[in-house]
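The values are calculated or read from the model by the stated rules, or taken from the named source; none is laboratory data. Since the structure is predicted, the reported quantities are computational estimates derived from the model, not experimental observations. So basically every Cβ, Gly included, is an ideal-geometry build from the backbone, and we count neighbours across all protein chains shown. Heads up: the accessible areas ignore ligands, DNA and RNA and are worked out on the full protein's heavy atoms, side chains in. Shrake-Rupley method; radii C 1.70, N 1.55, O 1.52, S 1.80 Å.
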Amino acid sequence: MSQFVLLLFLLAGIWLHQGCSAAPPHEPGPTRIVCGLCEETDRFVRLQSHPNRPGGEASGRFAHPFRLSSEDWIPVLASIQVQTRAAALVFFSTKQPAAPAFSPAEVEYLSVTLSKAFAEAGPEEWVVFGLSQPGASGITEMTTGGWFLEGSNLHLVLANHRCPVSMPGVRDLLARDPLTPNTGRAFDLAVGPHQQVVKDAETLASLFGPTPWELAIDYRAVLLASVAPSEGPAKVRDEGGEPQAGGSKKLSIEESLALLKRLRDQGLITDADYDVKKKQLLDRF
Amino acid sequence: MIRMMRFLSERRTVVVALGLVALVSYEWSALAPKANAIPAFARKYNFACNVCHVPGFPKLNDFGNVFRDHGFQLGSDNDLPEFEGIQMGYWPVSLRSTVGYRTITYSQNGAVSGPQAGGDVTTGSFGFKTLNLLSYGILAKNVSFGLIYNPALQSANFQTGASQGDLPNAFVRLNNLERFVGGGTQNSYLLNVKVGKYEPELPFSAFRNPTQLNTPIVIYNYQAGSAYASANFPNNNRVNATAYSNNTLSSLQRGQPGIEVAGIKETKATHGYFRYSLNAFSNSQAVGNQGGRGYYFYGHATQSFDGYGIVSGHRVGMSGWFGDAPTQTNSLTTSQGTATGGQKFYRFSVDASTTYDGQVNLFGAYIHANDSSELMPTTGANATPIQNRQDAIWNGGFVELDWYPPQLFGTTGWLFLYRYDLVRNEQQGNRAVRGDYGNVDSHVWMSRYFFHFSSRTDIAWHTEYNWFSTRATGNNGQDTIGQMFFTGFDFAL
C-alpha cells in the first residue's frame, strides 16, 4: 500500500511540475519610488517590475513612459466601480449595487501620484499602488493593485479592494507585492462604458482559484466622454442594465471647450474626435 | 532521539513520502493564487480567513483571539443578527472535515509467541476524519453562543469503524456583565459568564491546534496507569494498556459541562492583555455505566506583553485544576450522573508563548499532576482499592514551534509546526509498577498549505507525521512505539 501511495505522489509531482513550468511563482522584482508624495505611511504608488507575471518581461508590451496630467486621471479613476459579492450559500452569490472603487480622497491622491509615476515608468515596470484605511470593524482595510499602459488602453489589475487585514505579515506582503490577492474574489468590477474585463487564458493555475481582476480602460474615450456636460458623469451599468452614477463633476460649456482643446493639444484625442465633440457641444449650446 | 532516528532510517518510505509531499506542495503552491475565506464569520463580516486565523483555520491569531474573548463580537452594529447590512446569505453554520490517507504503525507489541511475536502492526487506508457542524455567533448584543455537533457516521473512519455522535460544545455566554455591577465601561469584556458544555480555556487550545485531529497534545490526555496511545490509534490489546486503574479525569481538553466566569482587559502598562477564566465543572467521568456527579474547579490566567502573545508579543500564564472524580456507582439507582465516591485530584501548570517577526510562535506548557491514591481501585468501578496504592504523581509538558511565513515559494498560506511532548512519572499509583511505566515521548511534524476554490470556502493540504513511545507498555515490558502519517485535505465551509 505504501509503495502505491508513493507512486501516486510521484505521478502527481511530475504532472504538477509540467504545469508549473508555465506558471512560476510571482515574485516582484526591483521597486522604485519616484516622488515624496508617492510613499506615505498608509498609501503608496511605486514602480515595480514583475518578471514572472504575464506581460512583465521586457518585451515592449508596456507603452511606458506615459504622460497624463493629474486632472485627466480623475475621470479615469472615477469611472472605476466595484460590486461587493454577498454569498447566499456556498455555491452562488448576489451582487450589491455598484459603488466607486476609490473614495474622493483616494482619487485625489492617485491622480497626482499615478501621473508622476507613469511619467517615469520604464517599459517593463508596473505602476503599483496600495491604500490603507480603517474599516468599519476597526481593522485595516487594504486596496492594492497595479497599472500599465498597453496601446491605447490603461490596464488596472485590482488584486484587493477594501480587504480587511489583521496580520502584520499579510500587511507587509501586500505592501511588498500589491498584485497578490489576499482573498478570493469577494468583489466584482462593474464594467462601465469604454471598459473591458481582460479574461485570463486558461492555465493549470486557473484550476486552483481566481486570479486578480484586470480591467482595460480606453482612457481617451473616457476623457472624451467627460468633456460633454449634458451627458453628465461617466456612467456604468449594474447587473440589470440600469445606469449608475459615476464621480466626475459637470462642466460648463466654456470649461468643456477648454478641456477639449487641451486634450487635442496634448495628443490625447485626435483632430477628428476634437471636431466631432466640439460640434456636439456647440449644437447643445 | 537515537531510537527515533533509527526508526526514520528504517522507514525510508515515510521519509521519502514526506519529501514528495513537500515537493508536490511546492509545485502546487506555484499555481494557486491566494485566497482564504470561510465559515460563518467570514461570510458575516466579509472577512478573509487570515483576518482571524494563522493563516487559516483552526489556529487563531491575535485579532481572532480577542474577537473570541469578546464573545464573537467586534463591538459594532455589524455584530447583530438583525443588522440590516448583514450579508443576505449569512447563516451561522459551518462544516469541517478531513479526508486523505493515513497509516499507523505499532511496534514492539510484545506478542508472547507465534510468527508475529515482537513484530509490528501496520495499517493504512484512505478515509476521512470526523465531521464537525459548527455554529458560533451572537443571539443578541452581548449574548453569544457556540455549538459543535459531530454526527454519528456509519461509514468507517479510517477503518476504525463507525463513529458515535457527540455534542462537544453547547453553551451560551453573557458578555460585558461588569456594567451591572458598577465596574468597567461599555464593551470592556471584563466580566463574562458562560454556561453549558465547552472546551476549557486551556493554556493553549487543543481544539484549535492544527494537529488536533491526528496528534492531540499529550498532557491534556494522559492518565497515570494507562499506556498513552494517542486518541487516534485504534485499541491495541497487545499493549499492556493498563497497569492499574485510575478513575481520575481522563482528558482535560474534552468539552466539559460547567460554568465559567472569564474576562479580558487591555493593560496599557504592558501593551498587552490580562485574561482570566474561572470554572466549575461537573465531572461527568463515567464509572461503570454511570456518569459521575463530582465537581472540579479550573482556573487560568495570562498576562501578555507588547501584543496578545500569539502573533505578536509574549505571554505567560498559569493554570490549576482541583476537584473530585467519582469511583463508585450508585447502587440505589441506574440513573446517570449519580456515581459517587469522589476522590481528589489536582493539576498545576505554567505556560509561556513568545513570537518573532509576526511569523514565528514558540510556546509551551509544563504541568504537575497528582491523583489521590483513593482513585486507584484494582479494576473498574466499585473494586477494592489496591493494597499498595499511593498517589500517582507525574510531570509533563510540551514545546511547540509554529512558523507561518507570509510568503514562501512566492505564495502565501503556509504553516509549519513541530511539537515535542513528554510525560515523566514521578510516582506510580501502584508501588508494584515500575517507576517509568507509561513515560511518553512524542514528536510531531506538520505542514499545511492553504489554497482555495472560492471566496467562501477554505481548504488546506495537510501533512503530518507523529512518532511517539510509551515506556514499558509492551506485553513483555518493552516500550511501545507508535507512528502515524497522514496526508490529505482539511476543509471547511
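Yes/no per residue for (1) in contact with a Phe, Trp or Tyr (Cβ under 7 Å, 6 or more places away or on another chain); (2) at pLDDT below 95; (3) surrounded by fewer than 21 Cβ atoms within 10 Å (Cβ to Cβ); (4) hydrophobic (A, V, I, L, M, F, W, C):
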site	(1), (2), (3), (4)
B:I393	no, no, yes, yes
B:H452	no, yes, no, no
B:S455	no, yes, no, no
B:W461	yes, yes, no, yes
Worksheet, complete the sentence: When B:G323 is run through (1) in contact with a helix residue (DSSP H, G or I) (Cβ under 6 Å, 6 or more places away or on another chain); (2) assigned to a strand (DSSP E or B); (3) modelled with pLDDT under 95, the failure sits at (1)
Worksheet item: Does segment A:190-202 contain any residue that is surrounded by 13 or more Cβ atoms within 10 Å (Cβ to Cβ), on the phi > 0 side of the Ramachandran plot and modelled with pLDDT under 80?
Response: no
Discussion item. Among the residues of segment B:304-323, what is the count of those that are away from chain A (no Cβ under 14 Å) and either of a type in the set (F, W, Y) or open to solvent by 40 Å² or more (accessible area, probe 1.4 Å) (or both)?
Written reply: 6
Discussion item. Here's a check for you: in segment B:33-66, which residue that is surrounded by fewer than 24 Cβ atoms within 10 Å (Cβ to Cβ) and more than 9 Å from every other protein chain (Cβ to nearest Cβ) is modelled with the lowest pLDDT?
Written reply: B:P39
Worksheet item: Is it the case that some residue within segment A:139-158 is facing chain B (nearest Cβ under 7 Å), surrounded by 20 or more Cβ atoms within 10 Å (Cβ to Cβ) and free of Cβ contacts under 8 Å to residues at least 60 places away in the same chain?
Response: no
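A:G145: in the same structural domain as A:E39 (by TED's automatic domain parsing), among the small types (G, A, S), touching a helix residue (DSSP H, G or I) at 6+ places or on another chain (Cβ under 8 Å) and more than 14 Å from B:A48 (Cα to Cα), yes or no?
no
Residue-by-condition table, conditions (1) modelled with pLDDT of 55 or more; (2) farther than 15 Å from A:S79 by Cβ; (3) in contact with an Asp or Glu (Cβ under 8 Å, 6 or more places away or on another chain):
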{"residue": "A:A216", "(1), (2), (3)": "yes, no, yes"}
{"residue": "A:A221", "(1), (2), (3)": "yes, no, no"}
{"residue": "A:V227", "(1), (2), (3)": "yes, no, no"}
{"residue": "A:G232", "(1), (2), (3)": "no, no, no"}
{"residue": "A:E239", "(1), (2), (3)": "no, yes, no"}
{"residue": "A:G247", "(1), (2), (3)": "no, no, no"}
{"residue": "A:S256", "(1), (2), (3)": "yes, yes, no"}
{"residue": "A:R262", "(1), (2), (3)": "yes, yes, no"}
{"residue": "A:D275", "(1), (2), (3)": "yes, yes, no"}
